1. Got a sec? What order do A:TYR248, B:TYR100 fall in by accessible area at 1.4 Å, biggest, i.e. largest, first?
2. Roughly speaking, what is the stretch gain from A:HIS180 to A:LYS35, that is 0.36 nm per residue apart minus the C-alpha to C-alpha distance, in nm to one decimal?
3. I need the phi-derived Karplus couplings for segment A:42-58: 6.51 cos²θ - 1.76 cosθ + 1.60, θ = phi - 60°, integer Hz, Gly and Pro marked x.
4. Reachable aspartates and glutamates from B:LYS44, Cα under 15 Å, same-chain residues fewer than 8 places away excluded?
5. Using a Förster radius of 30 Å, what is the FRET efficiency between B:GLN47 and A:GLN142 based on their Cβ-Cβ separation? Nearest 0.05, please.
6. For B:ASP118 and A:VAL258, FRET efficiency with R0 = 30 Å and r from the beta-carbon atoms, rounded to 0.05?
7. Evaluate the distance, in nm, between pseudo-label points positioned 7 Å from the Cα of B:HIS107 and of A:THR243 along their respective Cα→Cβ axes.
8. Which value in nm describes the separation of the simple spin-label points at B:GLN56 and A:THR229, placed 7 Å from the Cα toward the beta carbon?
Amino acid sequence: MARLKTNALGCAAALAFCVVAAASAGAQYPAKSEKQAAPTPARLPDGNPNWTGFWTPVGGILDRDFGPGFKPRAPGAPNPARAPAASRELLKSPYKEKYEQIQKDTADGKVTYDDAALCLPPGMPRMMGATYGLEILQTPGQVTMTSEYQAESRRIWLDGRKHPRDEDALPTYAGHSIGHWEGDVLVVDTVQTRGDLVIDATRLPQSLSMHLTERFSAPQPGILQDDITVDDPIVYEKPWTMTKRYRYRPDLNLEEYVCEDNNRNVSPTGAPSFK
Amino acid sequence: MVSKFGIVALAACLAAAAASPAWSHHSFAMFDKAKQVTLEGTVKDFQYSNPHSWIQLVVMTPAGAEEEWTIEALSPNVLSRSGWKRTSLVPGQKVTLLIYPMRDGSHGGNLISVTLPDGSTLGGGAG
């Protein structure tokens, strides 16, 4: 009887942890250390915030103690690379049915097509999930962001140029991004991304008509926040927003990641193989 | 009854976690995260490479036959930041691996951790 009680308590505790972990998704940015470093100087010569440096997703793999004794992510713990679950409720037909089938196949242990397994870049906005980290460089008239994952870069033009006309533009993985400062908030407008990309690893869809609006801000020194609004009337009932947070990590720098080097997961069907 | 509910709820919780692809460039649906297997064997090859690292491990079966296992681990950019080196594993070394096995029963898995001959442990990043 005593043993049964212990088991019941253990399960209840595990369940409570699971529920709490799921409920707290993205609610906080737990401090990696008591003292959070921030870029110096705090401002660039033009007066705008200085965000140049290497940043890692809050709650991401490089934000955790990953040495000896590493414990797998707790069940239900938030994955910062994912879009909020509420976005799935906004999917239109037939995207909704297709998406649900993929989730069912994944839950059943079936391995489905994944362009990332073929070493193709995530593109926008998935690259802002920045699995490992994000290097930000600010130069006059331009912000360059490189995700360590697949060394994918995007350029945000701050020089006053406009988007190319849609009929002239070749849709790309990163799309075409122009930005401007509103006080200490960098507002970025992105169009002309490819239509065959996905928003996150659950294969949440996007279309050629997608329009992204990002608002980059620093809610506290050394923490950068990107509020990404996805406006894609072909795929979703209405626009929705996801928030990414990054931690300044002067102790790290962007490491090389050449996906094509030893990709043993390639298969002719596009589903990751194992050999 | 409470216990039964707890187990069912926990199982649902674990299933949700299992459906989540790991920190990697491909789906890890091929691995069974409800099981953990311990392998003792000899390193045949260690590929410390992108997009993933690989360990070829030779395991002796109880019947005395050699069995080669293929174990997938995370990329050097992650492993190096958690204490791994190119020389952490070398051919001929006797090690103990903790893995999530393949669902289809083939001799493969996803590395949870490795215990080296000196007793120290390195995390493989599974999860």
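1. On the way: A:TYR248 35, B:TYR100 15 Å².
If we order A:TYR248, B:TYR100 from most to least accessible, we get A:TYR248, B:TYR100.
2. 49.1 nm
3. Karplus-based 3J(HN,Hα) across segment A:42-58 equals 5, 10, 7, x, 7, x, 7, x, 9, 10, 5, x, 9, 10, 10, x, 5 Hz.
4. Hits, sequence-local ones excluded: B:GLU66, B:GLU67, B:GLU68, B:GLU72.
5. Numbers: r = 38 Å, r/R0 = 1.26.
Between B:GLN47 and A:GLN142 the formula returns 0.20.
6. On the way: r = 32 Å, r/R0 = 1.06.
Computed FRET efficiency for A:VAL258 and B:ASP118: 0.40.
7. Modelled inter-label distance: 5.0 nm.
8. Simple spin-label model gives 5.5 nm for this pair.
The values are calculated or read from the model by the stated rules, or taken from the named source; none is laboratory data. Small disclaimer: the values here were computed from a predicted structure and weren't measured. Neighbour counts are summed over all protein chains in view; Cβ atoms, including those assigned to glycine, are modelled from backbone coordinates with ideal geometry. When the accessible area is computed, the model is the full protein with side chains, heavy atoms only, and any ligands, DNA or RNA have been set aside. Shrake-Rupley method; radii C 1.70, N 1.55, O 1.52, S 1.80 Å.
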